[in-house]
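Q: Here it is, the structure, as structure tokens.
Just so it is clear, none of the values below were taken in a lab; they were calculated from the coordinates. Please read these numbers as outputs of a predicted model, since none were measured by experiment. When we count neighbours, we look across all protein chains shown, and the Cβ atoms used for this are built from the backbone with ideal geometry, even at glycine.
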Amino acid sequence: MTIAPPRKRVGVLISGRGSNMVSLAEAAQAQGYPAEIALVISNIPDVAGLERAREFGIATATVDHRAFNRDREAFERAIDEVLRVNQIDLIVLAGFMRILTPWFVTRWEGRMINIHPSLLPLFKGTHTHRQALEAGVSEHGCSAHFVVPELDAGPVILQAKVPVLPGDDEETLAQRVLVEEHKLYPAALAEVASGRARLEGGAVIRG
Ligand code: GRF
């Protein structure tokens, strides 16, 4: 009999509807999945994602950035404390709309991942679907990556592609990408939580 290693305790940071968080919570219900979604933190009170997390029986917390008078590190120290109290091993950013300081990112280096709705390094920042349509690309997609201090610049763990179709607008393209995000992110988290993908020397090491 092999004894499975303990599952990594994951804290998901959200700011809104939380559809990626739900896809992770669903994936984590499978036997043998190497992570459990132990906590969901939102920086905005009463967002739909918090309610959805509770429906899964996941502990939730709100750390409202507006309570910290633009002191980003104080806000992050508060988040860090909630993560510590809940014995969180890995952070998953899922639609978390605050830029994190180098202090926080360095503290969680190699233990924090994000999903970005483009094929990085293309289309960093916001409005990625608009950027893709304006650039006239025929393929678009999403990237799961380790978080580094520079925004959307972390080494990619996994990517998924979708076609850009004639007549697409931001909404149709976003929807097509989101379907892929919901498959990609649980797969990427499994890679990281199992240790099959690690951040070493600024690159993803596999195996
Ligand atoms: C997703 O498109 C994600 O890639 C981006 O923000 C969106 C969050 O959606 N970072 P949800 O809150 O997971 O539904």
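Q: Along each of the three principal axes of the Cα atoms of the chain, give the extent in whole Å, ordering the values from largest to smallest.
A: 53, 49, 38
Q: Among Arg70, Arg130, Arg54, determine the one that fluctuates most according to a GNM of the chain built with springs between C-alpha atoms less than 10 Å apart.
A: Its mean-square fluctuation being the largest, the pick is Arg70.
Q: Right, next: Expressed as a whole number of Å, what is the distance separating the alpha-carbon centroids of segment 134-207 and segment 42-64?
A: 24 Å
Q: Let me ask another. How many Å³ per residue does the convex hull of the Cα positions in segment 133-197 occupy?
A: On the way: hull volume 5.9 nm³, N = 65.
So the per-residue Cα hull volume is 91 Å³.
Q: According to a simple spin-label model (label point 7 Å from Cα along Cα-to-Cβ), what is the distance in nm between Lys183 and Arg198?
A: Calculated label separation equals 3.0 nm.
Q: Still on this structure: Under 5 Å between amide H atoms, partner at least 5 residues away or on a different chain: which partners does Arg196 have, H built in plane at 1.01 Å?
A: Residues meeting the amide H criterion: none.
Q: Would you please give the residues with an amide H less than 5 Å from that of Gly141, counting only those at least 5 places away or on a separate chain, with H modeled from the backbone geometry?
A: Residues meeting the criterion, in which the H sits 1.01 Å from N, are Leu119, Val162.
Q: What nm distance separates the two modelled labels at Arg66 and Ala30, each placed 7 Å from Cα along Cα→Cβ?
A: Label-label distance for Arg66 and Ala30, simple model: 4.0 nm.
Q: Further, regarding this structure: For the chain, what does -39500 (n - 2.57) per DSSP helix run (n ≥ 4), summed and divided by total residues, give at 222 nm, in deg cm²/dmol to the nearest 500? Could you put the intermediate results ahead of the total?
A: Numbers: 6 runs with 69 residues, N = 207.
Calculated from helices alone, the mean residue ellipticity at 222 nm is -10000 deg cm²/dmol.
Q: Provide Rg over Rh for segment 1-81; use the alpha carbon set for both Rg and the Kirkwood Rh (inverse mean inverse pair distance). Please list the in-between numbers first.
A: On the way: Rg = 14.5 Å, Rh = 13.6 Å.
The Rg/Rh ratio comes out at 1.06.
Q: Based on DSSP, what percent of beta bridges with both residues in the chain are antiparallel, to the nearest 5?
A: On the way: 15 of 33 bridges.
Rounded to the nearest five, the antiparallel share is 45 percent.
Q: Let me ask something else. What does the extension gain come out to for His127 and Thr106, with contour length at 0.36 nm per residue minus their alpha carbon separation? Please list the in-between numbers first.
A: Details: separation 21, 0.36 × 21 = 7.56 nm, distance 2.65 nm.
Value of the extension gain: 4.9 nm.
Q: While we're looking at this one, here's another question. Fewest Cβ neighbours within 10 Å first, please rank Met97, Met112, Met21 accordingly.
A: Values: Met97 13, Met112 22, Met21 28.
Going from sparsest to densest Cβ surroundings: Met97, Met112, Met21.
Q: Still on this structure, I have one more. Quick check: residue separation of Ala4 and Glu81 times 0.36 nm, minus the Cα distance between them. What number comes out in nm? Can you show the working numbers first?
A: Details: separation 77, 0.36 × 77 = 27.72 nm, distance 2.87 nm.
Between Ala4 and Glu81, full extension yields an extra 24.8 nm.
Q: Considering amide H positions built from the backbone, and no H for Pro or chain starts, which residues 5 or more places from Tyr33, or on another chain, come under 5 Å of its amide H?
A: Amide H to amide H, under 5 Å and 5 or more residues apart or across chains, Tyr33 pairs with nothing.
Q: Within the chain, which whole H helices from DSSP have a Cα span along their axis of at least 18 Å and a mean Kyte-Doolittle hydropathy of 0.0 or more, if any? Kindly include the intermediate steps, with their values, before the conclusion.
A: On the way: long enough: 72-85 (20 Å, -0.31); 170-193 (32 Å, 0.02).
Taking the DSSP H segments of the chain (at least 18 Å long, mean hydropathy at least 0.0), we get 170-193.
Q: Which residues does the label zone of Glu134 cover in segment 91-117, counting backbone N under 18 Å from a point 7 Å along Cα→Cβ?
A: Answer for this model: 117.
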